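What follows is a short report on a single structure.
The values are calculated or read from the model by the stated rules, or taken from the named source; none is laboratory data. Treat the numbers as computed from the prediction; the structure is a model and nothing was measured. All Cβ positions, even for glycine, are placed from backbone atoms using ideal geometry, and neighbour counts span all protein chains on display. The area values use the complete protein model at the heavy-atom level, side chains included, leaving out ligands, DNA and RNA. Shrake-Rupley method; radii C 1.70, N 1.55, O 1.52, S 1.80 Å.
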Amino acid sequence: MKLLINTITFSRIIAGPILFLLLNYSNQYGLIFLLFLWAAMSDFFDGFLARKFNATSQLGEILDPIADKILVLFLLFGLTVRFESLYIGLIGSLMLTREFWIAALRDLNARLGTTQATEVTFLAKIKTTIQLASLGMYIFAIYINNSLLKLIADFSLFLALIITLQTAIQYTKASFKKY
């Protein structure tokens with residue numbers, strides 16, 4: 001069962017670069033949207049199955065958040081290129097900066113034995129959900145050729161950025177509360 005669960009997680013890692021390429025070198029937007037849906041739903045299913053069958057693993061705990069980040073960042077950069085959007089590119093860059101910062105905090109906390117300071121929070125799960133929903137809206141907007149939905153996705157992505165930055169602040173405060 002752990003192999004199946006880790007394979008589902010790994011499929012999200014593979015989906016990121018595939019979606020990037022498809023967004024920019026294909027007009028098969030229905031296929032792109034279906035692949036995106038699989039990748040986004042796999043984020044729920046791997047965790048659900050791991051908990052249901054008591055099949056959690058250290059590898060899964062490490063791969064799952066990395067798979068999310070790889071998927072989100074490939075999509076952000078793919079959409080930046082597809083739309084030639086400085087807006088999406090800037091937000092993607094800020095989100096990437098947050099990820100590097102949190103990785104540094106996690107490394108620091110691992111060295112200090114205070115890993116609880118950077119354990120995944122509920123708000124961080126909400127962050128990922130809103131990021132994926134925003135990206136899905138962009139892809140669906142391309143598929144149905146709808147500018148209004150793209151505009152809604154722009155607002156949703158900004159909300160995702162605010163939550164992304166809020167989680168960075170939370171993790172930072174928790175990591176440095178002793179100092």
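Just to be sure I understand, how many residues within the range 46-70 are touching a residue at least 24 places away in the same chain (Cβ under 8 Å), among the aliphatic types (A, V, I, L, M), part of a helix (DSSP H, G or I) and out of contact with any Phe, Trp or Tyr (no Cβ under 9 Å at 6 or more places or on another chain)?
5
Give the range 137-151 a look and list any residue that's in a helix (DSSP H, G or I) and not hydrophobic (A, V, I, L, M, F, W, C), or say none. Working first, answer last.
Here is the first cut: in the range 137-151, the ones in a helix (DSSP H, G or I) are 137-144, 147-151.
Across the range 137-151, the qualifying residues are Y138, Y143, S147, K150.
Only one residue in Y29, Y87 is open to solvent by 20 Å² or more (accessible area, probe 1.4 Å), out of contact with any Asp or Glu (no Cβ under 6 Å at 6 or more places or on another chain) and under 15 Å from G136 (Cα atoms). Which one? Please lay out each step first, then the result.
Details: Y87 fails: under 15 Å from G136 (Cα atoms).
Among Y29, Y87, only Y29 is open to solvent by 20 Å² or more (accessible area, probe 1.4 Å), out of contact with any Asp or Glu (no Cβ under 6 Å at 6 or more places or on another chain) and under 15 Å from G136 (Cα atoms).
Quickly run through the range 152-179 and pick out the residues that are in a helix (DSSP H, G or I) and more than 15 Å from L135 (Cβ to Cβ).
Let us first name the residues in the range 152-179 that are in a helix (DSSP H, G or I), namely 152-175.
Across the range 152-179, the qualifying residues are I162, L165, Q166, T167, A168, I169, Q170, Y171, T172, K173, A174, S175.
Considering (1) in contact with a helix residue (DSSP H, G or I) (Cβ under 6 Å, 6 or more places away or on another chain); (2) open to solvent by 60 Å² or more (accessible area, probe 1.4 Å), say which one T80 fails and leave the rest.
Among (1) in contact with a helix residue (DSSP H, G or I) (Cβ under 6 Å, 6 or more places away or on another chain); (2) open to solvent by 60 Å² or more (accessible area, probe 1.4 Å), T80 violates only (2).
If you go through the range 32-56, how many residues are more than 20 Å from A124 (Cβ to Cβ) and either open to solvent by less than 30 Å² (accessible area, probe 1.4 Å) or in contact with a Lys or Arg (Cβ under 6 Å, 6 or more places away or on another chain) (or both)? It would help to see each step written out before you state the result.
Narrowing the range 32-56 to residues more than 20 Å from A124 (Cβ to Cβ): 32-38, 49, 52-55.
If we keep only those that are either open to solvent by less than 30 Å² (accessible area, probe 1.4 Å) or in contact with a Lys or Arg (Cβ under 6 Å, 6 or more places away or on another chain) (or both) too, we end up with 32, 36, 55.
Result for the range 32-56: 3.
With the structure loaded, tell me whether L23 is of a type outside the set (S, T, N, Q), within 30 Å of I144 (Cβ to Cβ) and touching a Lys or Arg at 6+ places or on another chain (Cβ under 6 Å) or whether it fails that test. Talk me through it step by step, then tell me what you get.
Numbers: of a type outside the set (S, T, N, Q): yes; within 30 Å of I144 (Cβ to Cβ): yes; touching a Lys or Arg at 6+ places or on another chain (Cβ under 6 Å): yes.
Yes: the conditions hold for L23.
Might you let me know whether the range 116-136 holds any residue that is modelled with pLDDT of 95 or more, assigned to a helix (DSSP H, G or I), open to solvent by 80 Å² or more (accessible area, probe 1.4 Å) and closer than 22 Å to Q28 by Cα?
No, the range 116-136 contains no residue that is modelled with pLDDT of 95 or more, assigned to a helix (DSSP H, G or I), open to solvent by 80 Å² or more (accessible area, probe 1.4 Å) and closer than 22 Å to Q28 by Cα.
Which of the residues spanning the range 77-98 are free of Cβ contacts under 8 Å to residues at least 60 places away in the same chain and either closer than 19 Å to F10 by Cα or among the hydroxyl-bearing types (S, T, Y) (or both)?
Scanning the range 77-98 gives T80, S85, S93, T97.
Write out, first by first residue and then by second, each pair whose Cβ atoms fall under 9 Å of each other, whose residues are 6+ apart or on separate chains, and whose first residue, in the range 104-126, is more than 21 Å from S42 (Cβ to Cβ) while the second is surrounded by fewer than 15 Cβ atoms within 10 Å (Cβ to Cβ) and charged (D, E, K, R).
Cβ pairs passing all conditions: L112/K178; T114/K178; A117/K173; A117/K177.
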